[in-house]
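To start, the structure under review is shown below, and the notes come after it.
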Amino acid sequence: MTSPSVYARRRAAVARALKAAGGGVAVLPTAPERPRNRDSDFPYRHDSYFYYLTGFAEPEAWLVISSTGQSTLLCRPKDLEREIWDGFRLGPKAAPGALGVEAAHSVAQLDKLMPQLLANQKAVWFPFATHPGLETQLDGWLGQVRARVRMGAECPQSQHDLCKLLDEMRLFKDAHEVRILRRAGEISARAHVRAMQTSAMMLRAGQDAREYHLEAELLHEFRRQGAQFPAYTSIVAAGSNACVLHYRAGDAPLKAGELCLIDAGCELDGYASDITRSFPAGGRFSPAQRTLYDIVLDAQKAAIAATRPGKRFNDPHEAAVKVLAQGMLDTGLLTKKKHGSVADVIASGAYRQFYMHRTGHWMGMDVHDCGDYTEPGTKPRQELDATGQPVMRRPSRVLRPGMVLTIEPGLYVRPGKDVPKAFWNIGIRIEDDALVTAKGCELLTRGVPVEADAIEALMAG
Ligand code: GLY
Ligand code: MN
Ligand code: MN
């Protein structure tokens, strides 16, 4: 159990920020339960912002933080009948001791308490455009405060987006978060190892191996190591399915001689991991597969070298694109005659035929985590986009220690008239999670091999 002081420290930081902005109160609900069909719900997942400030994973809960430093939790009341059916509830009486909040009440009191908590506050902060219906609820409570103005109540005069403040805090991972992210990365790496070995074993044994067999291995390893969920729907893509970027694990057969792309990571204690490996289903790369694999690996190495403090978020992407574009010209995926030099291929965007996504994203509680991708406080400047149209852009974010991002270049070759046939239907992505450190970056997911020789050795064993 995490010490409540981790969350208390974060709440205190929010209170200080509200105070610095002139005082006010922050209101934050957790996520609702979501029905799947008839009376079955999807597995419950708390709201990341809410969990970041409470460590509390029950549904139907609200957090209110005032700039004076007081935190109030509203949560489900103890209820023996409901606890017999659905399980333990912390309840408001135990909440201050367990979570370190100053006060706690039953969520049944929400409509009565909120107007009291909002009265005589200068401003209200809440997550904009995140919880459907929240604005309407707040309007109702603020209306009740206003109705009491003649009795001396003061109504908040301004509303601010709480996301902006929390996004910036969440972008920099503290020691507690780094510990969990490291462990999540280790578990996911083990799951990839297990899936690769299963693929080779099943094909060697002449079994009918399918994408879902490998998905089952991933889930098995996640759960047996204590991770609660996959952080996102696992991609297990056999052969040409790897060229579908958002493919889900289906029932396609794994074939010796084809690659399999797995993009999967567990969520551990509210934190994601995100790994992709592309490996020969039977354990040996063909020459064409190996050629493209090594280009993507070199692109990833270049991107990793550009992931260090002082570099910008876009730098790893630009480093990867340079290597990939050179590889496209070297292999004849693009021709010098038609597309020119590497610089031309980059300027024209021709490389996008085979590499159409970006090389990374922030990662943390959410696999695509929050955080500004541009440098705060900078002015937009005019640039030209890939089609030559002027666009206003702000400079990309400067990397600093504590940020966590993925590094995930790829190549996806669909059949085409001018595309060398040897490469048709090969899809490769290599993805690791990186923590920016004082001097460079720490890869959190290297428990699974990435060099082609090491993958072959692992699958032979
Ligand atoms: N697995 C989602 C991504 O790589 O961004
Ligand atoms: Mn990713
Ligand atoms: Mn991924």
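The values are calculated or read from the model by the stated rules, or taken from the named source; none is laboratory data. Predicted model only: the values in this text are computed from it and were never measured. Virtual Cβ from ideal backbone geometry, glycine too; neighbours counted across all protein chains shown. Side chains are part of the model used for accessible areas, which takes the heavy atoms of the whole protein and leaves out ligands, DNA and RNA. Shrake-Rupley method; radii C 1.70, N 1.55, O 1.52, S 1.80 Å.
Amide H contacts under 5 Å for GLU267: GLN228, PHE229, ALA231, restricted to partners 5 or more places along the chain or on a different chain, H placed in the peptide plane at 1.01 Å from N. So, in Å, what gap is there between the alpha-carbon centers of segment 143-206 and segment 1-71? Using only Cα atoms to place each centre, the spacing works out to 11 Å. Considering only TYR271, PRO287, ALA299, the residue lying farthest towards the positive end of the dipole of segment 259-309 is PRO287, judged by Cα position with unit charges set on Cβ. Here the dipole of segment 78-195 is about 280 debye; that uses its Cα centre as origin and unit charges on the Cβ of Lys and Arg (positive) and Asp and Glu (negative). Projected label points at ARG290 and THR387, each 7 Å from Cα along the beta carbon direction, are separated by 4.3 nanometres. The phi torsions of segment 81-89, fed into the Karplus equation with coefficients 6.51, -1.76 and 1.60 and a -60° offset, translate into couplings of 4, 5, 5, 5, 7, 10, x, 4, 10 Hz, rounded to whole numbers, with Gly and Pro shown as x.
Once the Cβ-Cβ distance of ASP330 and ARG36 is raised to the sixth power relative to R0 = 45 Å, the FRET efficiency obtained is 0.40. Taking all protein chains as present, what is the carbon and sulfur share of the accessible area of the chain, in % to the nearest whole number, probe 1.4 Å? Taking all protein chains in place, the chain shows 53 percent carbon and sulfur surface. Candidates GLN326, ALA434, VAL398 compared by Cα position along the dipole of the chain: farthest toward the positive end lies VAL398, with charges placed on Cβ. Dipole check for the chain: with +1 at the C-beta of Lys and Arg, -1 at the C-beta of Asp and Glu, and the Cα centre as origin, the magnitude is about 880 Debye. Take segment 219-312 with all the other protein chains still there, run a 1.4 Å probe, and you get 36 Å² of accessible area per residue. Shape index of the chain: Rg/Rh, with Rg the Cα radius of gyration and Rh the Kirkwood radius from the inverse mean 1/r over Cα pairs, equals 1.03.
Counting only residues at least eight positions apart within a chain, or on another chain, the lysines with an alpha carbon under 22 Å from that of LYS311 are LYS173, LYS301, LYS322, LYS379, LYS439. Each Lys and Arg adds +1 at its Cβ and each Asp and Glu adds -1 at its Cβ; summed about the Cα centre, segment 337-461 shows a dipole of about 640 debye.
If you sort LEU259, LEU80 by accessible surface, 1.4 Å probe, largest first, the order is LEU80, LEU259. Of the trypsin sites (Lys or Arg not before Pro) found in segment 411-461, those that fall in a DSSP loop while having at most 12 other beta-carbon atoms within 10 Å are LYS417, LYS439.
Measuring r between the beta carbons of THR437 and GLN70 and using R0 = 45 Å, the FRET efficiency lands at 0.80.
Are there any trypsin sites (Lys or Arg not before Pro) in segment 52-97 that are in a DSSP loop and have at most 16 other Cβ atoms within 10 Å? List them by number.
Those that pass, being in a loop and sparsely packed, are LYS78.
Taking a ≥ b ≥ c as the square roots of the Cα gyration tensor eigenvalues, segment 418-458 comes out oblate, since a/c reaches at least 1.5 and a/b does not exceed b/c.
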